[in-house]
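**Student:** Shown below is the structure under consideration.
Laboratory data are not the source of any read-out in this text; all were calculated from the coordinates shown. Remember, it's a predicted structure, so these values are computed and weren't measured experimentally. Glycine gets a Cβ as well: all are built from the backbone with ideal geometry, and neighbour counts include every protein chain shown.
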């Protein structure tokens, strides 16, 4: 019974736990500007991929998409409370 209290929950979100922890430390007032920056950087990565088809740019875009998702998720979670 007590072991269940200390058991780590499974991470079931489409973004990494590391990203979520970092975003959880950002003030709510700053989250929209962080989202805008993540959108900008993700767009830059996609445009760079279109130019040279380098897979690194796709990996950057994927990380950016995860960050955007995590930020919007965090904003929604905080606004519901």
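**Student:** Contact order normalised by length for the chain, with contacts defined as Cα pairs under 8 Å and 6 or more residues apart; what percent is it? Display every interim value, and only then the final one.
**Tutor:** Details: 52 pairs, mean separation 31.0, N = 81.
Across the chain, relative contact order equals 38 percent.
**Student:** As an exercise, use a Förster radius of 35 Å and the Cβ-Cβ distance of residue 50 and residue 73 to find the FRET efficiency, rounded to the nearest 0.05.
**Tutor:** Details: r = 28 Å, r/R0 = 0.80.
Plugging the Cβ-Cβ distance into 1/(1 + (r/R0)^6) gives 0.80.
**Student:** Among 67, 19, 56, which one moves the most in a GNM of the chain with springs linking Cα atoms closer than 10 Å?
**Tutor:** 56
**Student:** Assign one of three labels to the range 15-62, namely rounded, prolate or oblate, based on the Cα gyration tensor with a ≥ b ≥ c the square roots of its eigenvalues; rounded applies when a/c is under 1.5, prolate when it is not and a/b is larger than b/c, and oblate otherwise. Mind showing how you got there, number by number?
**Tutor:** Values: a/c = 5.62, a/b = 1.92, b/c = 2.92.
Oblate, since a/c reaches 1.5 and b/c is not below a/b.
**Student:** Could you work out the Rg to Rh ratio of the chain, with Rh taken as the Kirkwood radius (inverse of the mean 1/r over all Cα pairs)?
**Tutor:** 1.11
**Student:** Fewest Cβ neighbours within 10 Å first, please rank 80, 72 accordingly.
**Tutor:** Values: 80 6, 72 15.
Sorted ascending by nearby Cβ count, the order is 80, 72.
**Student:** Tell me the angle of helix 55-80 to the major Cα principal axis of the chain, expressed in degrees between 0 and 90 and rounded to the nearest ten.
**Tutor:** Approximately 40 degrees, to the nearest 10.
**Student:** Sticking with this structure for a sec: Can you put 26, 68 in order of Cβ neighbours within 10 angstrom, beginning with the fewest? Intermediate results must be reported in sequence, preceding the final value.
**Tutor:** On the way: 26 14, 68 19.
The order, fewest Cβ neighbours first, is 26, 68.
**Student:** Pull out the extension gain between residue 59 and residue 10, defined as 0.36 nm times the separation in residues minus the alpha carbon to alpha carbon distance; nm, one decimal.
**Tutor:** Details: separation 49, 0.36 × 49 = 17.64 nm, distance 2.42 nm.
Using 0.36 nm per residue and subtracting the Cα-Cα distance, I get 15.2 nm.
**Student:** What residues from the range 45-81 fall in the zone where the backbone N is under 11 Å from a label point 7 Å along the Cα-to-C-beta line of residue 37?
**Tutor:** Counting backbone N atoms under 11 Å from the label point, the list is empty.
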